[in-house]
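Report on the following structure.
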Amino acid sequence: SARECTKYTHTIMSGQRLFCNERVVRTVHSAESEKNKFIPFDELISHRRQQAARSVLIQVQSEKSCSELYSYCSQFGHIEGMHHYTVHHNTHFVLIEFKKVSHVENILNKATHMNEEQIIPVEGSMFWFRTEKTRSKISVSKDVPLLIKNGCSIPTDKELTDLLLSAETMSDQMVTLYETTKLNDIGVRIRFQTAHQLERCFSGLFPHISVLPFGSSVNGFGKLGCDLDLVLRATNVNEENLNSRLVYHTKTIMSDERLQTKKFMETIADTMQHFVPGICNVRRILHARVPIIKYEQSFTGVECDLSITNLTAVYMSELLRLYSEVDWRVKPLVFTLRKWAECVGLTNSAPGRWITNFSLTLLVLFYLQFKQILPSLSTLKKLAVKRDTRVANSMVDCTFLRDLNRLPERTTNVTTLQELLHGFYEFYSQFDFHTKAVSIRDGTTISKPDYSALYICNPLEPMLNVSKNVSIEEVEKLKVNLREASWLLESTDNNNLLTILQPKKDLMTLVRGKRVVNVAVLFGEDSEDEKTNVANKQKTLSGSLNKDRARRR
Ligand code: CTP
Ligand code: MG
C-alpha cells in the first residue's frame, strides 16, 4: 500500500533497521520502482560526490554535543542534514551536509589548528569540535532537526539471529538478512567523504583529479562495514583549451609505465602516511598485477584499497549495479549466498586460493540468467545507444545499456527466493566445473579455455578469468558445500535459513550426531524462552536429519 511504501522509504532513508516480510517488500519494491525511476550510475556517483563536497566531518565529545554543534555550524550556512556515528563504539563523529559548497568554504576560512608549533598544518574538511573557552553567545536548541543517530551500527550476530528467527518464511529471512546488513545511506556518505578527502588533498598538484569509489560500496552488494575500493585518476587538462598558446610546463612520464605507476603510488602513499589526518596503517602492495595502497581512515572507520586508473573495475561495478536493480530478488539472494559462503569458510577477507565475493556474485548472476530472470551482457550490449559508449584504459570496450528504464521486458519468472536459493545449490552441485566455464556475456556456459580449476569469464574482458586464483582444492570444497547445503534444504522442513548459515565445524558435528548444536542461535548467549524455542528447532532438525540418514542408508 501507499502507506507501507512511505513507511518503507522513510525507514530506509533514516538508516533505521527494517523488518518486514517478503510480500510487503515485494509490493513495496514494485511500487517503488514504478514511482522512482532507475537512477543511472553516473548520476548516482555525481550526486554522491557533490554531497561529499558539501559536507564536513566533525569529531565530537559525545552524541550530546550534536545540538551545540548544530547551533554553532548554522552560522556558516544552511544545514541540510546531520548524521551521527561512532567508530569502535566510543569515538563520536557527525557528518554535516550543507546546502552549498560555499558553506563548507566558510567553515574552512574560520577553522583553526590546535597548536601551530607542534603540528603539520594540513587543512581539509575533517575537524574536531572542541569545548568552548568562553561562554558562547549562540543559543543552543535542544532539538536538532534532521539528526540521524548512530547510523553505522552493525547488528550483532545475536540480533541478526533473533530477527531471522522472527521472520515467517525462509524467503522472508533472506529479505530480512539483506535489509538489516546492507550498506545504508550514512555508510555510503562516509565512503564518498573518505574519497573526497584524497581528492581535496591532491588537488593542488592535480586540479582535475578524481577519486572514485567502486566495488561493493557502489555496486548494490555492499554490506555495513564493507571495505572501500578506490581508484585515483589524474586526468588531462580541459579539452576545450587545446588551441591555447599557453602550454603548461610538465614533466615527462617514464617510458616504463609500470615503473612510473610504482613511483607515483609510492609518493602518494608517503604523502598520505605522513601528512593526511586520520590516515593510518598505510601498506604498499605495488608488485601486484593491479598495484594498490591499502590504508585505514580512522575518522570514518573505513578500510580502503586505492588503485590508479583502473577504470574497467569501475565499469564492472556499474554493470553489477545494473544487474542488482533488474529484479528485486537479486540482492537478497546474493547477500544470502555471500553470508553462507562466509559461514562455511568458502570466502575469507584475506586474498588467497579461495573464491572471492566478486566471483561468487558472478556465479549467482549467471544462475539468474539461466533462470531467465537476468539478461545476458550481449543483450545489454545490443540495447546500448551512442551515449552508452565507454572504453576503459584505451582498449577495453565497456559499452552496454546504462539506463534500465530502457530495458524492454522484465522477467515473467515468479520463483520465490527460497526456491532460487535451493535452485542455486542444485544447479552448481551438478555443474561440470571440470570442462565448463561460466560466461555472463553470453548467458551460457562455454568450454574452458585453459586448465584453471574454476573458470568465470570476465564479462568485460572475456579473455580473462576472474577466478584464476581459485585452487582445485577450493573448487572441491565449494562442491562439497553446495551439495551439503542442497541436502540440508531438502532434508529439513523447518524452513530455517539458519540451518545453512552454520559455521562448518558445527554443521559437521551436527550431521555426525556427535554434538547437540544450537541451530537457532548462531553466536552468543540465549534466554530461557529462546532455549525452549531452540530445543524445539533442534528436535525438528535432528528428526529430519535422522530420517534423511535412514533414507540414504
Ligand atoms: N574487479 C574486477 N575484476 C576482478 C576483480 C575485481 O573487475 N578480477 C572489480 C569488480 O568491480 C569488483 C571490484 O573490482 O566489484 C572490487 O573487488 P573486490 O573488493 O574483490 O570485490 P567487491 O565486489 O568489492 O566485494 P567485497 O565486499 O568482498 O570487497
Ligand atoms: Mg571490495
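The values are calculated or read from the model by the stated rules, or taken from the named source; none is laboratory data. From a predicted model like this one, the values you see are computed outputs, not experimental measurements. FYI the Cβ positions are ideal-geometry reconstructions off the backbone, even for glycines, and counts take in every protein chain you see.
Being at positive phi, within 16 Å of ligand 2 (Cβ to nearest atom) and either out of contact with any Ser or Thr (no Cβ under 9 Å at 6 or more places or on another chain) or not basic (K, R) (or both) is a property that does not hold for G187. For the stretch 113-129, residues that are surrounded by 10 or more Cβ atoms within 10 Å (Cβ to Cβ) and free of Cβ contacts under 8 Å to residues at least 60 places away in the same chain total 4. S255 satisfies every condition listed in (1) of a type in the set (S, T, N, Q); (2) within 16 Å of ligand 1 (Cβ to nearest atom); (3) in a loop (DSSP other than H, G, I, E, B) except (2).
From the set of residues in the stretch 298-311 that are on the phi < 0 side of the Ramachandran plot and more than 15 Å from ligand 2 (Cβ to nearest atom), which is surrounded by the fewest Cβ atoms within 10 Å (Cβ to Cβ)? For the stretch 298-311, the residue satisfying everything is S298.
Identify, please: which residue in the stretch 328-351 is of a type in the set (V, I, T) and within 16 Å of ligand 2 (Cβ to nearest atom) and is, among those, surrounded by the fewest Cβ atoms within 10 Å (Cβ to Cβ)?
Step one: of the stretch 328-351, the residues of a type in the set (V, I, T) are 330, 334, 336, 344, 347.
Add one more test, that the residue is within 16 Å of ligand 2 (Cβ to nearest atom), and what stays is 334, 347.
Numbers: V334: 24, T347: 21.
My answer is T347.
Among all positions in the stretch 187-197, there is at least one residue which is over 28 Å from D270 (Cβ atoms) and either of a type in the set (G, A, S) or touching a strand residue (DSSP E or B) at 6+ places or on another chain (Cβ under 7 Å) (or both). A count restricted to the stretch 217-239 and to residues that are within 10 Å of ligand 2 (Cβ to nearest atom) and more than 14 Å from I190 (Cα to Cα) stands at 2.
The single condition among (1) closer than 27 Å to S471 by Cα; (2) within 16 Å of ligand 2 (Cβ to nearest atom); (3) under 20 Å from the mean Cα position of the chain (by Cα); (4) not basic (K, R) that A288 does not satisfy is (3).
The rows are residues; the columns are (1) within 14 Å of ligand 1 (Cβ to nearest atom); (2) more than 25 Å from T181 (Cα to Cα).
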position	(1), (2)
E342	yes, no
M395	no, yes
L407	no, yes
F424	no, no
F427	no, yes
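Tell me whether the stretch 318-327 contains one or more residues that are within 14 Å of ligand 2 (Cβ to nearest atom) and among the small types (G, A, S). No, the stretch 318-327 contains no residue that is within 14 Å of ligand 2 (Cβ to nearest atom) and among the small types (G, A, S).
Residues of the stretch 254-267 include none that is buried (at least 22 other Cβ atoms within 10 Å of the Cβ) and modelled with pLDDT of 95 or more. The residue pairs whose first member lies in the stretch 304-319 and is touching a residue at least 40 places away in the same chain (Cβ under 8 Å) and more than 23 Å from M272 (Cβ to Cβ), whose second member is more than 8 Å from ligand 1 (Cβ to nearest atom) and of a type in the set (S, T, N, Q), and whose beta carbons are closer than 8 Å, counting only pairs six or more residues apart or on different chains, are T312/N393. Scanning the stretch 230-242 finds no residues that are modelled with pLDDT of 95 or more, of a type in the set (K, R) and within 16 Å of ligand 1 (Cβ to nearest atom). Taking the criterion of being of a type in the set (F, W, Y) and in contact (Cβ under 8 Å) with a residue 12 or more places away in the chain, the residues of the stretch 243-299 that qualify are F264, F275, Y295, F299. Filtered by the rule that a residue be in contact with a Gly (Cβ under 9 Å, 6 or more places away or on another chain) and closer than 15 Å to C201 by Cβ, the stretch 279-299 gives Q297, F299.
If you scan the stretch 398-434, which residues turn out to be among the basic types (K, R), in contact with a Pro (Cβ under 6 Å, 6 or more places away or on another chain) and in a helix (DSSP H, G or I)?
Within the stretch 398-434, the first condition is being among the basic types (K, R), and the residues that meet it are 402, 406, 410.
Next, from what is left, pick out any that are in contact with a Pro (Cβ under 6 Å, 6 or more places away or on another chain): 402.
Correct list: empty.
Of the listed requirements (1) among the hydrophobic types (A, V, I, L, M, F, W, C); (2) modelled with pLDDT under 95; (3) within 20 Å of P375 (Cα to Cα), C398 misses just one: (2).
Which helices (runs of 4 or more DSSP H) does the stretch 440-553 wholly contain that include 1 or more residues that are aliphatic (A, V, I, L, M) and modelled with pLDDT of 50 or more?
Values: elements: 472-491, 504-512, 528-552.
Fully inside the stretch 440-553 and qualifying: 472-491.
For the structure I just gave you, tell me whether K386 is charged (D, E, K, R), more than 16 Å from ligand 1 (Cβ to nearest atom) and more than 30 Å from S471 (Cα to Cα). Write out each step before concluding.
On the way: charged (D, E, K, R): yes; more than 16 Å from ligand 1 (Cβ to nearest atom): yes; more than 30 Å from S471 (Cα to Cα): yes.
Against the criterion (charged (D, E, K, R), more than 16 Å from ligand 1 (Cβ to nearest atom) and more than 30 Å from S471 (Cα to Cα)), K386 qualifies.
Residues in the stretch 365-397 that are farther than 17 Å from D442 by Cβ and in contact with a helix residue (DSSP H, G or I) (Cβ under 7 Å, 6 or more places away or on another chain): R390, A392, N393, V396. All conditions in (1) under 26 Å from I308 (Cβ atoms); (2) more than 12 Å from ligand 1 (Cβ to nearest atom); (3) of a type in the set (S, T, Y) hold for T336, with the sole exception of (1).
Determine which member of the set T415, T336 is under 21 Å from D227 (Cα atoms) and of a type in the set (S, T, Y). That would be T336, the only listed residue that is under 21 Å from D227 (Cα atoms) and of a type in the set (S, T, Y). Restricting attention to the stretch 331-369, the residues that are without any contact (Cβ under 8 Å) to a residue 60 or more places away in the chain and within 22 Å of L404 (Cα to Cα) total 1.
Based on what the data block shows, is T169 in contact with a Phe, Trp or Tyr (Cβ under 8 Å, 6 or more places away or on another chain), in contact (Cβ under 8 Å) with a residue 60 or more places away in the chain and away from ligand 2 (no atom under 16 Å from the Cβ)? Walk me through it before giving the result.
Working: in contact with a Phe, Trp or Tyr (Cβ under 8 Å, 6 or more places away or on another chain): no; in contact (Cβ under 8 Å) with a residue 60 or more places away in the chain: yes; away from ligand 2 (no atom under 16 Å from the Cβ): yes.
Criteria not met by T169.
Within the stretch 352-387, restricting attention to residues that are of a type in the set (K, R) and either part of a helix (DSSP H, G or I) or crowded, with 22+ Cβ neighbours inside 10 Å (or both), the residue that is farthest from ligand 2 (Cβ to nearest atom) is K386. Being modelled with pLDDT of 95 or more, at negative phi and not in a helix (DSSP H, G or I) is not true of L44.
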